[in-house]
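The values are calculated or read from the model by the stated rules, or taken from the named source; none is laboratory data. As the structure is a computational prediction, the values presented were derived from the model and not from experiment. Reconstructed Cβ throughout: ideal geometry from the backbone, glycine too, with neighbour counts over all protein chains shown.
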Amino acid sequence: CHRAKTVSDYYKQLEASSWLKHVLALLECGNFLAISIARGISCVVHCSDGWDRTAQSVSIAQILLDPFFRTIKGFQILIEKDWLGFGHKFDDRCGHIGAFNDEAAREVSPIFTQFLDATFQIMRQYPCAFEFNERYLIHMHEHAYSCQYGTFLGNCDKDRKDLNLAKRTQSLWAFLDDRHDDYINPLYETNKYGFLGKINLHPSTLVIWTAMYNRFDTGLLPRENTNDVALSTMEHVGILETHLASLQSRLAELKLGKQTPGSEVMSDSGHSSSISNTITPEASKIPGPLK
C-alpha cells in the first residue's frame, strides 16, 4: 500500500490484501472462544497443524479472559507457552531462512504479525486495560524478524535447545525488561478490567496500525506519538506535584515559627534566597584588645 499514489489506489490495494479481513476473523474466533469459556463451555481448538491459527486464537481468547495476560510479564508468558512452547515455526513463518530456497519461501506467513495487530485492535477499544503500550508490541515484532536475540529463533523448543541458544544468545525478554518504563501505558488502571466480553467486531472499528506499518514514512511534519505526549505530561505533572509538596512543607514550617534567621526560604519565584541580619558599619568594627 505504501506505493499507492492516490487515495483510491491505496484503498484498492488494502482491500486486495484482505489484511483487515484476516484480523477481524481472528478477533471473531478469539471472542467466540472467550465467551464460550466464560459461560462454562469446554472448547477444543485445533487448526490443520496446531501451531498457527491455534496459537493466534487461544492467545486472543486468553487476553480477553484474563487481565494477567494484559500485563507486560503476563504477555511474555503467553507467548512463551502458546507460541514458543507449542512450536510456532518462527524460523519458517518469519523467513529467517526463507532466502535459501523456494520451498522455504513458501512457508513465510505473517501469523505472529496478525496476532499482534489483533491485540492492538483490542487495545484501541480498551486503552486502560493493558499495562503495556503499542511500542511494546512494535519492538517485539521488530525483533521477531531481526534475529538479534535468540528468543524467536528456531521452529520449536527442540531447535532452540539443539542450537544452545540459551547460552549463545541474549533473551529478548531481558532486553525489553531493561526498558520497562518505555513500555508502560500511562492510562493503565490496575484491577479495573476483568473479562473483556464486549469488544466491538463491526468492520468499521478496525483501523490500519500506522505506528507499526507507517513508522518509517517521511512527511513534512514528524508524527508525534500520543503515548509519548501522555508520558511526558504525566512526568511534568509529577515534578510539579513534588515541587508543590515542598512548598507546602516549607510554608507549614514558617507558620509554626520554625524558620530561624539566616536560613534559606523559598522566594515567590520558587528559587532560594537568603535572609541575613542588617549589620551597621559601627557594629562591623572589630573591637580592640581589652585594657
Within the stretch 102-151, can you find the residues that are under 20 Å from residue 89 (Cα atoms) and in a loop (DSSP other than H, G, I, E, B)?
-> 106, 107, 108, 109, 110, 147, 148, 149, 150, 151
From the options 130, 115, residue that is under 18 Å from residue 195 (Cβ atoms), out of contact with any Gly (no Cβ under 7 Å at 6 or more places or on another chain) and not β-branched (Val, Ile, Thr) = 130
Residue check, residue 69 within 20 Å of the chain's Cα centre (by Cα) and buried (at least 18 other Cβ atoms within 10 Å of the Cβ) = yes
Looking only at the stretch 28-51, decide whether some residue is of a type in the set (Val, Ile, Thr) and touching a strand residue (DSSP E or B) at 6+ places or on another chain (Cβ under 8 Å).
-> no
Evaluation of residue 38 against (1) surrounded by 15 or more Cβ atoms within 10 Å (Cβ to Cβ); (2) of a type outside the set (Phe, Trp, Tyr); (3) touching a residue at least 24 places away in the same chain (Cβ under 8 Å) (one fails), failing number | (1)
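One line per residue, one yes/no per condition, for (1) of a type in the set (A, V, I, L, M, F, W, C); (2) at pLDDT 95 or above; (3) in contact with a Cys (Cβ under 9 Å, 6 or more places away or on another chain):
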site	(1), (2), (3)
104	yes, no, no
116	yes, yes, no
121	no, yes, no
124	no, yes, no
132	yes, yes, no
139	no, yes, no
148	no, no, no
151	no, yes, no
154	no, no, no
If you scan the stretch 155-172, which residues turn out to be loosely packed, with under 11 Cβ neighbours inside 10 Å and without any contact (Cβ under 8 Å) to a residue 12 or more places away in the chain?
-> 158, 162, 164, 167
Can you list the helices (runs of 4 or more DSSP H) found entirely within the stretch 1-97 that contain at least 3 residues being out of contact with any helix residue (DSSP H, G or I) (no Cβ under 7 Å at 6 or more places or on another chain)?
-> 7-17, 19-38, 72-79
Within the stretch 93-122, considering residues that are of a type in the set (D, E, K, R) and surrounded by fewer than 18 Cβ atoms within 10 Å (Cβ to Cβ), the one farthest from residue 156 (Cα to Cα) = 102
Which condition breaks for residue 57 when tested against (1) of a type outside the set (A, V, I, L, M, F, W, C); (2) at pLDDT 90 or above; (3) in contact with a Ser or Thr (Cβ under 7 Å, 6 or more places away or on another chain)?
-> (3)
Could you please let me know if residue 208 is within 23 Å of residue 69 (Cα to Cα), modelled with pLDDT of 85 or more, assigned to a loop (DSSP other than H, G, I, E, B) and among the aliphatic types (A, V, I, L, M)?
-> no
Kindly indicate whether residue 36 is of a type in the set (S, T, N, Q) and over 25 Å from residue 135 (Cα atoms).
-> yes
